[in-house]
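The values are calculated or read from the model by the stated rules, or taken from the named source; none is laboratory data. Computed from a prediction, not measured in an experiment: that's the story for all the values here. Positions of Cβ are generated from backbone atoms using ideal geometry, with glycine treated the same way; all protein chains shown enter the neighbour counts. The protein model used for the area step is the full one, side chains on, heavy atoms only, and it has no ligands, DNA or RNA in it. Shrake-Rupley method; radii C 1.70, N 1.55, O 1.52, S 1.80 Å.
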Amino acid sequence: MRRRDVLKGLGVTGAVAGIVATTVPPEVQEAEAQAAAPHAHAVSRDGQSADGFRFFTPQEAAIVVALVDTLIPKDDVGPGGVEVGVPIFIDRELAGAYGRGARMYLDGPFGQGTPQQGYQLPLPPADLYRIGIADLNAWCVETRGGKTFDELSPADRTTALKAIEAGQAEFAQVPARNFFSVLLQNTMEGYFADPMYGGNRNSAVWKMIGFPGAIGMYREVIEKYRNKRYDVEPKSIQDLS
């Protein structure tokens, strides 16, 4: 995803990164290593990890880190998706009500829908990710020299995702383009969301685009700064507590 295109408007085609680094950035290498390694985390009162992945297994987490880094790599415009915690955002979403499909109609019947009809699968998002990641790895092993997605080079990861986005990949259990579409949507949500949800760490993305935060406290200055730059430290919802 070219960040300049994203900032112009999120509804563009060719969402996969057009330019990627020739080597994996150190922060991504570290994130993948941490995701793939079985290590201890602090445990909260509900029995879930307080500082690591709650939904994804270590192997799944390594794949998600690689996917997010391919969609939004770090560049001269701003931080990468892994750097600002997008994989954690997705993990938290899937571990909660969104992952269970709490607000989705999942009773069927299910048919082949049109693009305008949106999501048309009987799977809640958590199941779509779990099955989709397994399908992605199986497809990569079959078509990419026996390597799983996270084992591919950055350039090969981009090529693979472009094929999936274009409908040129056949997954065994779920539609490949549906998996890609949900992944891309959640990645963008995590990148621009309030930091309280795990992504946009330290409001880095808001600072990049000059967004002060989605807080009503700015309503008094809207007219004053119409068509003018408003330089202020972005505030999260948590900053008001």
> What lysines could a cross-link reach from residue 235, if we take a straight Cα to Cα line under 20 Å and drop same-chain neighbours fewer than 8 places away?
Replying inline: 207, 224
>> Please compute the modelled spin-label separation between residue 155 and residue 202, points set 7 Å along Cα→Cβ, answer in nm with one decimal.
In response: 3.2 nm
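Can you pull the percent of segment 59-208's accessible area that's carbon plus sulfur, 1.4 Å probe, other chains left in place?
C and S fraction of accessible area: 49 percent.
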> Hey, with R₀ at 35 Å, roughly what FRET efficiency would residue 219 and residue 138 work out to, going by the Cβ-Cβ distance, to 0.05?
Replying inline: 0.10
> Taking 0.36 nm per intervening residue step and subtracting the Cα-Cα distance, what contour gain separates residue 76 from residue 233 on full extension?
Replying inline: 54.4 nm
>> Over segment 194-241, with the other protein chains present, what is the accessible area per residue in square angstrom, probe 1.4 angstrom?
In response: 73 Å²
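So what's segment 140-199 giving for Rg/Rh, alpha carbon basis, Kirkwood Rh from the mean inverse pair distance? Numbers along the way, then the final one.
On the way: Rg = 13.5 Å, Rh = 12.9 Å.
A ratio of 1.05.
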>> Using alpha carbons only, how many angstrom separate the centre of segment 94-158 from the centre of segment 162-190?
In response: 6 Å
> With each label point set 7 Å from Cα along the Cα-Cβ vector, what nm distance links residue 173 and residue 57?
Replying inline: 1.0 nm
> Rounded, prolate or oblate: which one fits segment 91-219, using the alpha carbon gyration tensor with axes a ≥ b ≥ c (rounded when a/c is under 1.5, else prolate when a/b beats b/c, else oblate)?
Replying inline: oblate
> Going by the alpha-carbon gyration tensor, a ≥ b ≥ c the square roots of its eigenvalues, is segment 43-163 rounded (a/c under 1.5) or, if a/c is not under 1.5, prolate (a/b greater than b/c) versus oblate?
Replying inline: oblate
